[in-house]
Amino acid sequence: MIEKLRIQGGVRLKGEVAVSGGKNAAVAIIPAALLAHSPCTIENLPDIDDVHVLIDMLRWLGAGVEFQDGVMQIDPTTVDKYQPPYDLSSRMRASYYLAPVLLGLFGCAEVPMPGGCDIGARPIDQTIKGMTALGADVRVERGVLYVSTMGLSGSEVYLDMPSVGATVNTMLTAVSARGNTIIYNGAKEPHIVDLANFLNSMGARIKGAGTDVIRVMGGRPLHGSNYAVIPDQIETGTLMIAAAATGGDVVITGAIPTHMEALSAKLLEMGVYVGEDDDRIHIRSDGNLRAVNIKTQVYPGFPTDLQQPMAALLCTANGSSTITETIFENRFRYLEELKRMGADIRVFGRTAVVDGIDRLIAAPVTATDLRAGASMIVAGLMAEGITDIYGVNYILRGYDGIDRKLRSLGAKVEMVLRG
Ligand code: EPU
């Protein structure tokens with residue numbers, strides 16, 4: 001049992017590191033594989049707790065699943081249950097992606113309401129709107145999402161906001177619905193495009209993913225396929241920020257630079273060198289950084305998931321930075337932890353003002369959610385002294401071997417076992 005992540009700060013990261021497959025793509029693609037009438041092979045999957053919870057859920061539903069070295073074989077032909085259990089569903093956000101999938105297979109599903117990071121209210125009204133428009137009866141009773149249908153048929157759905165979860169759930173419902181569906185104001189995140197590409201590789205016909213109008217020609221039979229998941233946008237960004245934060249010289253390989261444009265632009269503005277070449281991103285910094293203002297937005301804006309590690313970087317930038325969080329209302333809790341390390345931060349509603357200080361000082365801190373964990377890691381790498389980060393379970397949910405990767409760049413990082 002891991003008790004904490006221990007970081008001896010002050011080491012400049014140097015070298016080359018390969019990024020893992022995308023968490024948020026993986027957690028949509030794995031449930032989607034159940035819609036096929038034959039086995040799927042999915043490659044480049046991250047070895048993270050969220051993926052392992054999904055494996056347990058798929059096996060519980062009756063699927064055959066093998067997972068080794070980032071490659072998963074899924075045999076969906078033996079799935080015979082439509083009620084994933086509470087103890088697994090409540091452990092991650094993406095568990096509710098099983099609702100449209102099981103609805104397509106059985107005409108009904110009962111999925112305990114999803115868990116995931118506590119970063120805001122996270123309502124599911126847009127998922128309900130999308131699935132209902134396509135002919136599902138959807139109700140939430142005593143913490144369980146019940147969906148059923150007498151027959152799904154394509155329709156037009158206008159989402160009130162470009163929600164990732166609602167776009168995934170509506171797309172997954174639409175592939176099983178007869179006829180055409182048009183999703184207006186859909187999310188444009190890279191993992192939405194990856195899910196659409198995966199479904200298309202199974203025989204679906206989806207156009208427009210990556211724009212805000214997604215068209216699904218539903219009702220086509222889906223077969224198993226062999227597919228490789230895109231690299232993790234947020235892990236790439238976390239490593240870019242960590243390199244910049246330590247005055248490092250790091251090349252991140254296996255990445256997609258175009259997914260990183262919002263972050264790259266901000267790092268350039270701060271005075272960091274960012275070089276891009278095919279699937280490689282080179283970050284070099286002398287550690288002397290300018291303050292900047294960031295505002296989180298849906299893709300291709302600055303991602304809310306990088307707001308937290310970025311805040312750590314801004315702590316020692318020259319001048320005063322602002323961070324405005326527009327996506328989740330409760331994603332500033334971790335700032336209290338940065339303040340323990342000496343950060344000068346004040347919060348005014350949805351905006352945090354970060355006044356640059358000379359250096360952070362190591363302190364025991366807690367990861368209050370996954371990306372808060374990333375923030376603590378960046379802060380620990382920058383700080384003078386030894387930082388112990390508790391709440392490592394959050395970090396393991398979404399970062400594949402982050403301690404190993406940072407060590408390969410020279411960082412003094414270790415997982416400390418309890419007792
Ligand atoms: N919203 C609604 N109603 C809905 C759905 C969303 O009001 O029905 C609101 C939310 O309250 C929030 C905003 O819309 O204010 C965006 O929510 P969205 O549905 O886009 O987020 P999500 O699907 O719950 C995914 C990622 C998050 C990431 C967000 C934003 C997965 C499994 N999770 O969450 O990832 O922060 O999109 O990009 O894909 C993480 O990886 O650490 C993480 C939290």
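The values are calculated or read from the model by the stated rules, or taken from the named source; none is laboratory data. This one's a predicted model, so the numbers in the text were calculated from it and none came from an experiment. Neighbour counts are summed over all protein chains in view; Cβ atoms, including those assigned to glycine, are modelled from backbone coordinates with ideal geometry. When the accessible area is computed, the model is the full protein with side chains, heavy atoms only, and any ligands, DNA or RNA have been set aside. Shrake-Rupley method; radii C 1.70, N 1.55, O 1.52, S 1.80 Å.
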- Amide H contacts of G247 (H built 1.01 Å from N, under 5 Å, at least 5 apart or other chain): G287
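Given a Förster distance of 41 Å, report the FRET efficiency between M113 and E269 from their Cβ-Cβ distance, rounded to the nearest 0.05.
0.55
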- Task: Find how many whole Å separate the alpha carbon centroid of segment 342-377 from the alpha carbon centroid of segment 131-171.
- Result: 37
- Highest-fluctuation residue, P100, P221, P39 considered, GNM on the chain with Cα pairs under 10 Å: P221
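Once R0 is set to 56 Å, what does the formula 1/(1 + (r/R0)^6) return for the Cβ-Cβ distance between T211 and D344, expressed as a FRET efficiency to the nearest 0.05? Write down the numbers at each step before the final one.
Working: r = 41 Å, r/R0 = 0.74.
After rounding to 0.05, the efficiency reads 0.85.
Please compute one quarter of the surface area of the Cα convex hull for segment 67-125 and express it in square nanometres.
5.5
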- So for the pair D87, N288, with labels modelled 7 Å out along Cα→Cβ, what separation do we get in nm? 5.7
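Can you pull the Rg over Rh of segment 25-177, Cα-only, Kirkwood?
Rg/Rh: 0.94.
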- Column: log10 I(q)/I(0), Debye, Cα scatterers of segment 137-237, q = 0.13, 0.18, 0.20, 0.24 Å⁻¹: -0.49, -0.89, -1.04, -1.28
- Note on the structure: Once the mean of 1/r over all distinct C-alpha pairs in segment 322-396 is inverted, the Kirkwood radius in Å reads 12.6
- Message: Give me the three principal axis extents of segment 20-83 from the C-alpha atoms, as integers in angstrom, largest value leading.
- Response: 32, 21, 18
- Please quote Rg/Rh for segment 199-262 to two decimal places, taking the Kirkwood radius as Rh and restricting both calculations to Cα atoms. 1.17
- Quick one: what does P(r) look like for the chain with 10 Å bins over all Cα pairs, in whole %? 5, 23, 32, 24, 13, 3, 0
- Calculate how large, on average over all directions, the projected area of the Cα convex hull of segment 174-280 is; give the answer in nm² to one decimal. 7.8
- Report ³J(HN,Hα) in whole Hz for each residue of segment 369-374, in order, from the Karplus equation J = 6.51 cos²θ - 1.76 cosθ + 1.60 where θ = phi - 60°; Gly and Pro get x. 7, 4, 6, 4, x, 5
- Which listed residue (M270, N185, G385) has the Cα farthest towards the positive end of the charge dipole for the chain, taking +1 on Lys and Arg C-beta and -1 on Asp and Glu C-beta about the Cα centre? N185
- Nitroxide proxy distance, nm - points 7 Å out along Cα→Cβ at E329 and R407: 4.3
- Choice from E141, E43, E336 showing the highest fluctuation, given a GNM over the chain with Cα pairs closer than 10 Å: E141
- Projected area, mean over directions - segment 278-324, Cα convex hull, nm²: 4.1
- Message: Just to be sure I understand: of the beta bridges DSSP finds with both ends in segment 240-339, what percent are antiparallel, rounded to 5?
- Response: 65
- Apportionment of accessible area to carbon and sulfur, the chain, percent (1.4 Å): 47
- Between helix 261-270 and the chain: long-axis angle, C-alpha atoms, 0 to 90°, nearest 10: 10
- Using only alpha carbon pairs under 8 Å that are at least six residues apart, calculate the relative contact order of segment 319-419 and give it in whole percent. 22
